[in-house]
1. At a 10 angstrom cut-off on C-beta neighbours, averaged per residue, how do the peptides 112-120, 95-103 rank from highest to lowest?
2. Output the direction-averaged projected area (hull surface divided by four) of the convex hull of the alpha-carbon atoms of the chain, in nm².
3. Put a dot 7 Å past each Cα toward the Cβ at residue 45 and residue 227; how far apart are the dots in nm?
4. At a 1.4 Å probe radius, carbon and sulfur cover how many percent of the accessible area of the chain?
5. Pairs of Cα atoms under 8 Å, at least six residues apart: use those to get the relative contact order of the chain, whole percent.
6. Let me have the relative contact order for region 26-83, percent, based on Cα pairs under 8 Å that are six or more residues apart.
7. In terms of solvent-accessible area of protein heavy atoms at a 1.4 angstrom probe, what is the ranking of 88, 104, 111, highest value first?
8. Please enumerate, by chain and number, the lysines with C-alpha under 24 Å from the C-alpha of residue 213, excluding those fewer than 8 residues away in the same chain.
Amino acid sequence: MKDQLSKVVLITGASSGIGEATARHLAALGHRVVLGARRTERLVALAADIREAGGKADVAQLDVTSLESMREFVDFAIERHGQVDVLINNAGVMPLSKLDALKIDEWNRMIDVNIRGVLHGIATVLPGMQARRSGQFINIASIGAYTVSPTAAVYCATKFAVAAITEGLRQEVGGDIRVTLVSPGVVESELADSISDPLARDTMREFRKGAIKPEAIARAIAFAIEQPADVDVSEMIVRPTSSPY
């Protein structure tokens, strides 16, 4: 990739799954990735792998539920690279359960990470992109942004919200800033590890038997980024060919 095509890409939730795969793929394409997550030890190891392969990666601890933490993450990226070209709002949690299980703390955690985390990312990056009149947001939703299933009511609600926020942002900033919604189907990740409810956990294990690799989502993200500045890939659903959902 020519230097002028290399972009500064911030990735939240970069310590595993889609975030990790996207960091590796974009760095291999020549982009400068800035990795954020709570588990910094994983980020350090990932960044070391990327650098050993010839890529450029920086690491910062990030809790997307904290606006201050997100501001520090973005400030760190700007100090290192001068600007933010792309923000990938990837961090998410999925502790599924039926509503009558009354796992209210888990509901609130999903709201805080999956919705507030995206809003915090937008709030901290948007002013700079508007000042430069360029940039791109890539928000990671889910097939759960289109349909609801038992045990997933709250999770799907958060992903419906991500889709709505993304479309609203696209309409408001169109012309200068690109906005992309990527909705993965069943992907190999650690999301299911957060499920404490036995019924939901067993159901998800069966559901995930046909999961695709997170690299498939990374390639979709790269496709959206590499389009010309006047082309906005607004929405993509990427799922296993075997999935009926």
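1. The packing order, highest mean first, is 112-120, 95-103.
2. Working: hull surface 49.8 nm².
One quarter of the hull surface, i.e. the mean projection, equals 12.5 nm².
3. Inter-label distance under the simple model: 3.6 nm.
4. Carbon and sulfur: 51 percent of the exposed surface of the chain.
5. Once normalised by length, the contact order is 20 percent.
6. On the way: 68 pairs, mean separation 19.1, N = 58.
Normalised by residue count, the contact order of region 26-83 is 33 percent.
7. 104, 111, 88
8. Counting by Cα, and skipping residues close in sequence, residue 213 has these lysines nearby: 56, 159.
The values are calculated or read from the model by the stated rules, or taken from the named source; none is laboratory data. Just so we're clear, the structure is a prediction, and the values are computed from it rather than from any experiment. Heads up, the Cβs are rebuilt from the backbone with ideal geometry, glycines too, and the neighbour counts pull from every protein chain shown. When the accessible area is computed, the model is the full protein with side chains, heavy atoms only, and any ligands, DNA or RNA have been set aside. Shrake-Rupley method; radii C 1.70, N 1.55, O 1.52, S 1.80 Å.
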